[in-house]
Every structure is written in structure tokens, then in C-alpha cells.
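Structure record follows, encoded as C-alpha cells.
The values are calculated or read from the model by the stated rules, or taken from the named source; none is laboratory data. The structure displayed is predicted, hence computed values, not measured ones. Ideal geometry is used to build each Cβ from the backbone, glycine not excepted, and the neighbour counts take in all protein chains shown. Heads up: the accessible areas ignore ligands, DNA and RNA and are worked out on the full protein's heavy atoms, side chains in. Shrake-Rupley method; radii C 1.70, N 1.55, O 1.52, S 1.80 Å.
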Amino acid sequence: MNASLSINDLHVSVDGTEIIKGLTLEIPKGEVHAIMGPNGSGKSTLAKVLAGHEDYEVTGGSVTMDGQDVLGMEIDERSRAGLFLAFQYPHEIPGVSNANFLRAALQARLPKGEEIDAVAFYKEMYARMDELEMDRKFTGRSVNEGFSGGEKKRNEILQMMMLEPSFAILDETDSGLDIDALRIVAQGVNSMRSPARGFLVITHYQRLLDYIVPDHVHVMFDGRIVRSGDKSLALELEEKGYDWVKEELAA
Amino acid sequence: MPNPVAEIESTMPDRESASPAPRGEWFSHPPRHDEPANLPDWYLERRKECWHRFLETPEPVRTDEHWRFATLGNAKFEQLDTATAFPETEEIIAKTHRWGLKETAARFVFAGNRLVESEGAADLPQGVICLPIMEALAAHGDLVREHFMQEEARLGGAKFAALHGAATLSGIFVHVPRGVVIEKPIEVAHWAAGDQTAIFPHTLVVTEANASVTVLDWFRSATPEDRTLAVANVDIAAEDGSRAQYVAFQNWNDRSKHFHLNGTRVGRDARATSCFVNVGSAWSRNESVSRLTAPGADSRMLSSNLADGNQEFDQRTLQLHEAGHTTSDLLYKNALYDRSRTIFSGLIQVCPGAHHTDAYQKCRNLLGSDEAEANSMPGLEIDADQVKCSHGSTSGQISDEEIFYLRARGIAPRKARQMISQGFLNEAVEHLDGEELKAAIEQRFEERFAVLA
Ligand SMILES: Nc1ncnc2c1ncn2[C@@H]1O[C@H](COP(=O)(O)OP(=O)(O)O)[C@@H](O)[C@H]1O
Ligand SMILES: [Mg+2]
């Protein structure tokens, strides 16, 4: 059994159109991998398909987590098994408080009949919120409702910190963040880096990778990984632009 | 204070005038129980009148617009009796304590028509009257008279209103004098038991100028099988600058029926809030009228309902702007499952000359089943200028993206749906004042959702 998130020749279609066209990627625990790519290249599709979104049809390939088949699992099962997706566009859940939401998510991980220790839960949540410089008022507010773009992203990272996944996929967590918020969010992510955890950081801009320094960088284009390298690839990409990749591919 | 039987008999109308009872008559005689001996004459007179009016008023008919979409069979009754004997009052008192609020200004527990516990009323601020309605009638007859059943039943429930006036025995009268603020809620638990019996809970809340109070009625069955009927009435008079908040939480067993009339009168710069929560019963109908009688009056009308099985919740409302510069804001929410039905019919009426009025009305339905049916009939009648009005109703299902979001955090599908529906219902309750009050209601929703199939 290998301790990694392993994607092998994955093909994904939506409404009959193939979007992921044979993607292979291995993220061992302890590493941070970044995927960069132009809009529409299929980054969010990859993230959502890993989380189990039902709009997408997997037409080929496999995904395993620590050797366990992921594609056969239900959405919620994947999360409980240790997979986490920080959404590019987190959904609003009116009337459900942030605290209750987090509590339900943690409760779902406990064996039947076991109850969450409410005091310990609040203590933990407040500590994490302090790290993310989130006001306490967010505990009582409805999940993401009326949150600014940046607040939503922080809230995603708060959830990640509370749920302590084995593999975390962050889909454009940097978009909508000003530089201070970006720094805070990156600190949160960095504090979670550990030999027991792997990260897939999806981003459009190199900027994020100054704060969350990746071990590997992959370039995605038209549903495939077209280039892989170390963090210098991100800089190169920033410098030359995505057209460079497109031109190289066309050549 | 039990009364000799002869006394009770003497307060009944004579048989001549009461009969002949039409076929299918709800009661063969006016419902009675033990009651104080010294009830005022005006009340005994009124009660008689009400009984006659009840007998004379026809049952609801299809052609009455106030009964559109209603299943009329639900509003017919045969050979009911007044609840008398009651099982295990100690148990229901203990349950009330477990179930109810931790922090109350006063608490009353009624077992059927009988008061079985009261607590805290004596320690309320000087000048506050907070008594069981029958005691209040006996002790403060003139004051009660000013407010008792003064609001007209305009929304189809005249027969029920008359019956209530003839028969009420339980419930409370709360009168908060000028400037007195009661922070914690006054809590009343109404328990029903006894197959084919009826109770008539009355709640009368009067806040004088700048006073403030919250009253909460719980409705619960003592047994899962007894078919009971409650014909309840709550009247609220919020006088100048005062705050009156009322919450009804209806959780009868699924064989029982509930009819709840509400007349609210809001004075200058006063605010009244009503919130009707229905989760139990086979059938529940609320008729709620808010009259805004002077500039600055503000009425908030809230409701959250969770319907499943074959439940039918029928709600009729009227926001009546009699004066200008007044505000009303209504938010009714229904979550429907199985083959349940809801009916919402709401009218905003801005009277001639009631300029500069703001009136809002929203009914939102969340459909959890293809067979569930939500009927909405919003209405507007405006006879003034400079009016801001909006009304609308929506029906929808839980979105797949919302479910996905919760499931992506490890929450199982059933629980995810439950949380979203509960959040949907919480949205109306959130407008109430009082953290413990809101938390208690949300907790009760959670318990109710937990047993939802
Ligand atoms: N649910 C969907 N239905 C139809 N097309 C989709 C859907 N999701 C994504 N696509 C299409 O798939 C392509 C990749 O989109 P996406 O994964 O969001 O790209 P990225 O995140 O890299 O910007 C786009 O052409 C987009 O229009
Ligand atoms: Mg994207």
C-alpha cells in the first residue's frame, strides 16, 4: 500500500464532452503539488471529480488514496476517508450556522453513539479561527451566507484545519484574496503541512506559490498534465505566460 | 377551585335556545369544567352569546374564499367532549421542565383545561398581571373586558372564534404596565389527552406604553393516540412604544387537530412579533390578523412549519395598515415531505389614507417530495400613496450543489438534507428576540427532523 493520492489515466466527461483526457498524477503524503493552467483547462473539474461530484462521468482510469479505490466511494465517504476539497466557489447554506456545520462534519466521523465533546470542539474552533484571524461572529453566522469572497476562502481553510484530512485539494484558494488574507490563508495551510498529509494546490497565478512553496509543479492544459517540474516551473510560467505552453504543444 | 356541579349547569344556556342541535354537531352542550365562582356577569353573558353564535354559524363551505384549497373535512367535528380526567400530571410537569426553557419569567402548565403548575408569576415586577385566564376574569374582570376577544375573526374562522369565546378555560392573561420590561419569556405548556376531547387555550397579552414581554405557548399531546382538538386564540395588544413577542410551538400527536386564531393590534411606535411553528397534528390552521393602528407601528409575522405524512397546514393572514407610516413584515416558511399539504393565503391591505406604509410578505416552500403540495395565494390591496409593498411566494427543492457541499464534508445524504431543511426553517425563527428561545425552538426542530422518515 502506497501512502499517496494516485490518479491514473483519468478520463472525465460532462454531458458527453470529454474534459479530463487521460490525466496521471501521484501525490505522496508529505508533499505539496501545484497544478497551474489557463481557465477552462479542467482544473476545477479534476477537483470536483475527486470529491465525487455527480455531474461528471468518469469514463476511464483510476484514483486511489493510500491504495484504496476512491471512485467507488460515495461523496461523504471520501471525505470521511480523509479527502478534502476547498472549493473555488463555496456554497451558501442559509440557516445553518458555521459552528453547527463544522460540528456535524466532525460528528459524522465518530462511531455511532459517540457524541462530540462540545467544549473541546469550541476551544479547537476558536483557536483555528484566531490563526486565520476570523472574527468569532462567524461561528453563529450561516455557512458562507453574505461572506465576502475572502471570508469564504478562509472559511474553507478553517474547515480543512478542523477536519484534518490526509489529502487536501485547494481549488483557487487564492482568488479573491488580498495580499494580507493570502498571507494568513497560506500560513494556515503551511501549518497543516506534515509528513502525514498531501496537498494539491490548484491555482491560476504563481503568486500563491510564493507563500505555499510546492515540491512539484504541474501544468495542465486541455484536460492533461503537459509539463511537470519543480517550483521554478511556476516562475517560468509566470514569466512566459500560458501561451508559451500552448505554443510548445502546437509545435 | 372546583365548583359544585349545579353552579356549572346554571351557567349553561337553557336547552330551548341551544337546541335543536344540527346533525353532526361538534358539542351537545357548551364545554365546561371547574371554574372560579365569581366570574363577572359581562363574561357569562358574552359566553352565552358566543355559544349561540357558534350554533348559528355554518360550518366552512367550499365557496368561501377563506377556505379555498382547504380540505373541508378537517374542519368538521362530531360529538366532542371537554377534557376532564388527565393521566400522570407529574410526568407532564417533569417533561415540561426538561423540554422547556431554562430561563423563564414565569411558567404555567395546563393539563387539558386544568392548571397543574404555575411558577414565578408572583415574582414578576410590581403591577404586572400574569394569571390563568379564568382567574384573571374573576379578579380583573374590567381590565380583561377591554381586551378579551375584541378582534374580529376576519379570515374564515368565525365559528371557531365563537366556540372559543364560549368555551375557553385554559391559558393566560398577561398585562404589563407602562414602562415595565420583562426580559425572560413567560412560558405556557398546554398538554392534551383524552380521545375526542377539546381544549380552548387562550392567550391575551397586553403591553402598555413602552412595556415589553415575550410569551411562548407549547402545545403537546400526553399520549400518542388520543385524538384531541385545540381551538386556541391569542390576542396581542401592543400599545404605544411597547414590544410584544409571541411564539406558538404546535407539536400535537399526528391524530390531533389545531385551530389557532390571532388578532394583533399594534399602536404608535410599538412592535409586535408573532411566530407560529407547526410540526405536529394531522391538521392545523392559523388565522392571523395584524392591525397597524398608528404611525410607527411595526408588525412582524413569522411562521415555520415542518409537514410530513398526510399533514395539512392551512395559514391565512392579513396585514391591515389602518394608519400611515406603519410597517409590516411577514415571513412564512414551509418544509414539506411525503404527501403533506400547506396552504398560505396572505393579504396586505393598505387602508385609504395610510400613506408611507411599508408592507412585505414572503412565503417560501421547500419541497422534499414530489407528492407534497404547497399552495400560495398572496394578495395586495392598496388604497394609499407612497407605499412600499412587496409580496411573493417561492417553491423549490433543495439544490444538488448544497447537498454536495455538505456531503463533501463527510455529512451523510440524509443528514445533509435534514440540516438544509432545518436551516431553511430556522431562517424565520432567527428573526425572534432571545437567544435561548431561538435555541430551544431549533432544538425542537432537530428532534422532529430526527424522527422524520
Ligand atoms: N458542469 C459542467 N457542465 C458543462 N461543462 C462544464 C461543467 N463543468 C466544467 N465544464 C467545462 O469544462 C471545462 C473545464 O472547466 P473547469 O474545470 O472549470 O476549468 P478550470 O477550473 O481549469 O478553469 C470548461 O470548458 C467548462 O466549460
Ligand atoms: Mg476552476
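Quick rundown of the values:
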{"read-out": "Heavy-atom accessible surface that B and A bury in contact, both chains counted, 1.4 Å, Å² to 100", "value": "2000 Å²"}
{"read-out": "Per residue accessible area in Å² of chain B, where ligands, DNA and RNA are left out and the probe is 1.4 Å", "value": "38 Å²"}
{"read-out": "Theoretical FRET efficiency, 1/(1+(r/R0)^6), r = Cβ-Cβ of B:D400 and B:M377, R0 30 Å, to 0.05", "value": "0.50"}
{"read-out": "Long-range lysine pairs (8 or more apart or interchain), the stretch B:4-397, Cα under 19 Å", "value": "7"}
{"read-out": "Integer Hz, Karplus 6.51/-1.76/1.60 couplings in order for the stretch B:436-450, x for Gly and Pro", "value": "5, 4, 5, 4, 5, 5, 5, 4, 5, 4, 4, 5, 5, 5, 4"}
{"read-out": "Potential lengthening between A:Q68 and A:E236 on full extension [0.36 nm per residue; Cα-Cα distance subtracted]", "value": "56.9 nm"}
{"read-out": "Test item: Cα-centred dipole of the stretch A:127-251, Lys/Arg +1 and Asp/Glu -1 on Cβ, debye", "value": "400 debye"}
{"read-out": "Cα centroid separation - the stretch A:82-110 against the stretch B:220-276, whole Å", "value": "35 Å"}
{"read-out": "Positive-end residue of B:T317, B:L292, B:G141, charge dipole of chain B with Cβ unit charges", "value": "B:T317"}
{"read-out": "Average partner coverage of A:94-105, which counts Cβ from other chains inside 10 Å", "value": "5"}
{"read-out": "Principal axis dimensions, largest first and in whole angstrom, of the stretch B:292-334 by Cα", "value": "44, 13, 7"}
{"read-out": "Residue-averaged beta-carbon neighbours from other chains (10 angstrom radius) around A:67-78", "value": "3"}
{"read-out": "Protection proxy ranking, peptides B:234-242, B:313-321, average beta carbon neighbours within 10 Å, highest first", "value": "B:313-321, B:234-242"}
{"read-out": "The stretch B:167-173 - phi-based ³J(HN,Hα) in whole Hz, Karplus 6.51/-1.76/1.60, Gly and Pro as x", "value": "10, 4, 9, 10, x, 10, 10"}
{"read-out": "Whole-percent pair-distance distribution, where bins are 20 Å wide, for the alpha carbons of the stretch B:4-397", "value": "29, 61, 11, 0"}
{"read-out": "Selection from B:Q250, B:A198, B:L124 lying farthest towards where the dipole of the stretch B:4-397 points positive, charges on Cβ", "value": "B:Q250"}
{"read-out": "Built amide H within the under 5 Å cut-off of A:L5, gap 5+", "value": "A:I27, A:K29, A:D66"}
{"read-out": "Rounded to the nearest 20 debye, dipole of the protein assembly as shown from Cβ charges on Lys, Arg, Asp, Glu", "value": "220 debye"}
{"read-out": "Cβ neighbours within 10 Å from other chains - mean over B:429-436", "value": "1"}
{"read-out": "Pairs of alpha carbons in chain A whose separation is greater than 22 Å (percent)", "value": "55 percent"}
{"read-out": "Distance in nm between pseudo-label sites at B:E183 and B:H140 (7 Å out along the Cβ direction from Cα)", "value": "2.3 nm"}
{"read-out": "Potential lengthening between B:E49 and B:R414 on full extension [0.36 nm per residue; Cα-Cα distance subtracted]", "value": "126.1 nm"}
{"read-out": "Within-10-Å neighbourhood charge of B:P224 [Cβ basis; K, R +1; D, E -1]", "value": "-2"}
{"read-out": "Hits among aspartates and glutamates - C-alpha to C-alpha of A:K43 under 16 Å, sequence gap 8 or more where chains match", "value": "A:D9, A:E18, A:E26, A:D55, A:E57, A:D171, A:E172, A:D174, A:D222"}
